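Q: There's a structure below that I have some questions on.
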Amino acid sequence: MPTTKSKVNKKNQKGNTHLHPTSVFIRIRPLAESGGHAEDTNHYSSKHLEAWDEQSVTLSTQYLFSKGNARYNFPARVWGPETTQKDVYETPSFRRLVDEFVAFEGRNVVAFAYGQTGTGKTHTTLGTDKSLLPRRRSTPPMGSENSTKYDDVAYDDDDGWGIFPRVFTTARATLIQKNHHNTTKTPFYIFTASAIEFYLADASDLLQPQKNIRIDPDSHRPCGCTTVVLSSVDDMISFLNTVRQNRTTRSTRMNRAHETHGGSSRSHAALILTLHQLDSAVGVDDGGGGGDNYCQTTFTIVDLAGAERPSKTKEKRYGGIEMALWMKEYKGEEIPVGCQALVINLELSSIASEVLRATGAHRQGKPYTPPRQLCTETIKFLGGCFDGDSITAMILCLSPAGSNGWETWFSLQYGEKVSRLKVPVRRQRAKSFKRVYRNAEKKAKDAAEALKRANVGNKYYVIKETLARDAQQGLEQLERLRCLLRLDF
């Protein structure tokens, strides 16, 4: 018997959750002067980006004897080529995501950037290379006497900044302003950041490139990645520069490298900004392990590698078996662009499949279970974003060039699938900081002891080493917050 709509609603209401729609934003890049995103009348596609307004995009298709138009509606927002970085960020529907992240007992947020290679995904999420140069004026570090004064961080944002630096500066300014009214004059938050690269079906640390990361099959969170504290804009700029320098890029026909641009991103990158907050109005010790005064939220930016057609890049096509044979003989030489493209397109297709699975499960009021086996680390991580732990959003980057009509059509189809996803998003409830700290101490101690007992040659040694490193880093973050707040327990 089919499930009725009322029954679905009752099931979704059991956990005090509601189905939160996925916001899909469209950003159309300007035409380039040359290259794959320039207007080329000699190579015109039968599909063409015809027109757009603030909430829809129209794609025209030229048939043999007629022409048809298809309209795609995206209520969140459509940004045209003239839109600035600041305009993108200041859009009310996008700023609401930042407000959810900053709020005490708020929600986690995951924002994906998807599109054809060279359409501006990295530009939108991180910013221009020039905007990430070291700043001349340093802001006071968190914890200093001046860090509680809102005016001390009222600097002008760089026009070229993307979403990640703007989220950090906005969140930090908001919390400093709140803290300005706090009579204790002590900071009650810290920001930490980590970055992961997903390349050729594996996951590695973008802050320490030689270090592999394990995606936990149960929680779907990364274990063992380097975490840094962001106390100032200088810290944030340094973090983003390290990420850009270590990420795998390559010059391709559709996205060529030059002096100020590294070329096409050949990997997916996830930048995780974590906000640790402690409510000073709640007692630290209420006789039962402490009040519920500690909350943690994350804002994750996922810059997906660009989708591409081998016919456009003019690179050799690789099949699955052919690539496996090539990888077997791999001796450290540069990996062919065709091999990279095969894995990229496979993973992008798998992400779309997981979106459909999650959409169907949540629509029926059933829990969505992300994949655990027979998938890449990318799918393990991103699948965990659709289970209700985060608000999801997507920024779809398009090219207006007539020669890229088919890629634009495919991207719009992809965006439509994602826009149907509705997830029962949970709030991140406050917990006792004292209890969280004690649990972290025990976890770090148990993981260290398990590592000591393991044999170096054992196949599980690397996993235990990763878990021990992850547990120790988690404890160090809490210890820093405890010291800032001068808590003694």
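Q: Using the Cα centre of segment 19-132 as origin and beta-carbon charges of +1 (Lys, Arg) and -1 (Asp, Glu), tell me which of VAL98, ALA111, GLN85 is placed farthest towards the positive end of the dipole.
A: Farthest towards the positive end: ALA111.
Q: Which length gain, in nm to one decimal place, applies between TRP406 and GLU441 when the Cα-Cα distance is subtracted from 0.36 nm times their residue separation?
A: 7.2 nm
Q: Quick one: if you stick a label point 7 Å off each Cα along the C-beta vector at GLN472 and VAL228, how many nm between them?
A: Calculated label separation equals 2.0 nm.
Q: Label-point separation (nm) for ALA361 and LEU133, each offset 7 Å from Cα along Cα-to-Cβ?
A: 4.8
Q: Of the heavy-atom accessible surface of segment 391-489 (probe 1.4 angstrom), what whole percent is carbon and sulfur?
A: Percent of accessible area from carbon and sulfur atoms in segment 391-489: 51.
Q: Please work out the C-alpha center-to-center distance from segment 437-489 to segment 201-236 and express it in whole Å.
A: 15
Q: A further question follows. Could you sort out which of LYS47/LYS380; LYS366/LYS417; LYS380/LYS431; LYS178/LYS211; LYS130/LYS417; LYS121/LYS178 sit more than 29 Å apart by Cα distance in this structure?
A: LYS47/LYS380; LYS178/LYS211; LYS130/LYS417; LYS121/LYS178
Q: As an exercise, use a Förster radius of 35 Å and the Cβ-Cβ distance of GLN210 and LYS452 to find the FRET efficiency, rounded to the nearest 0.05.
A: 0.90
The values are calculated or read from the model by the stated rules, or taken from the named source; none is laboratory data. Keep in mind it's a predicted model, so treat the numbers as computed, not measured. Virtual Cβ from ideal backbone geometry, glycine too; neighbours counted across all protein chains shown. Remember, those area values only see protein heavy atoms, side chains included, never the ligands or the DNA or RNA. Shrake-Rupley method; radii C 1.70, N 1.55, O 1.52, S 1.80 Å.
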